[in-house]
1. Report, in debye and to the nearest 20, how large the dipole of the chain comes out about its Cα centre when Lys and Arg carry +1 and Asp and Glu carry -1 on their Cβ.
2. Report the label-to-label distance for V135 and C3 in nanometres (one decimal), using points 7 Å from each Cα along the Cα→Cβ vector.
3. Starting from the Cα-Cα distance between L16 and I108, subtract it from 0.36 nm times their residue separation and give me the gain in nm to one decimal.
4. Calculate, for I51 and I153, the FRET efficiency according to 1/(1 + (r/R0)^6) with r their C-beta to C-beta distance and R0 22 Å; round to the nearest 0.05.
5. Can you tell me what share of the DSSP beta bridges in the chain is antiparallel? A percent to the nearest 5 is fine.
6. Quickly rank 3-13, 21-31 as a protection proxy: mean count of other C-beta atoms within 10 Å, highest first.
7. Please report, ordered by residue number, every helix of the chain (full DSSP H runs) that is 27 Å or longer along its axis going by C-alpha atoms and whose mean Kyte-Doolittle hydropathy reaches -1.0.
8. Explain nothing, just the number: relative contact order of the stretch 1-105, from Cα pairs under 8 Å at least 6 residues apart, as a whole percent.
Amino acid sequence: MACLKTSVSTFWSGRLNQVVDQDVVVDPTASQVPVDCRGGLTAAPAFTCRINDTVYINQSFLDQVIHDFGTSEIPYALASVVSHEIGHVVQAAVKQPGYDRTGTSNAISQQIEQQADCLSGVWAHSQIGRLDTRVFQTVARQLITDVSSNPEIATHGTPDQRAAAIAQGLSTGTPQGCKLSTFS
């Protein structure tokens, strides 16, 4: 997980010309998560706490990944999640309009979440030669489908919408393709 975090952080630090370095905590206890973000421990398989820009990945989600994917696909599943979550850290770093609003509408939430999916695709594009982008896209779509439920779809969009956002990032390979405010 450390190599993955370093890869994504180094890529975005170079693109933003500022350090994008955050912790990724696997199987966090409640005491490791700021009080205002603890709801994510039960509401989301993985989440980024806006208070400390830390990525949290729940053990139950890791168990699901291990159960649902073959050994060769697990790194791709983890890469799609970590790169999506660090996409939120990037949004915070550039002060993306809509990102810092609390209680946002589902439409705004979907825009923010799908932009993070797109940014995940941008990072994956930068890894051509190190990872198979077709496998990345296939595994990411399957993972999104696996975790999608009515509340998840309401705030993140349908699996088709999210897969299209990842494909957009993969095809353009640029933050501009994701309409990131700093690069628009």
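The values are calculated or read from the model by the stated rules, or taken from the named source; none is laboratory data. Keep in mind the model is a prediction, meaning the values are calculated, not measured. So basically every Cβ, Gly included, is an ideal-geometry build from the backbone, and we count neighbours across all protein chains shown. Accessible surface is based on the protein model in full, side chains and every heavy atom, while ligands, DNA and RNA are left aside. Shrake-Rupley method; radii C 1.70, N 1.55, O 1.52, S 1.80 Å.
1. Values: 11 positive and 16 negative charges, 107 e Å.
With only Lys, Arg, Asp and Glu charged at Cβ, the dipole is about 520 debye.
2. Using points 7 Å along Cα→Cβ, the separation is 1.3 nm.
3. Working: separation 92, 0.36 × 92 = 33.12 nm, distance 2.34 nm.
Full extension of this stretch gives 30.8 nm more.
4. Values: r = 26 Å, r/R0 = 1.17.
The computed FRET efficiency comes out at 0.30.
5. Numbers: 4 of 8 bridges.
Just about 50 percent of them are antiparallel.
6. Numbers: 3-13: 17.7, 21-31: 14.4.
Highest-to-lowest ranking by the protection proxy: 3-13, 21-31.
7. Details: long enough: 74-93 (28 Å, 0.93); 106-126 (30 Å, -0.31).
In the chain, the long hydrophobic H runs are 74-93, 106-126.
8. Values: 98 pairs, mean separation 26.7, N = 105.
The value is 25 percent.
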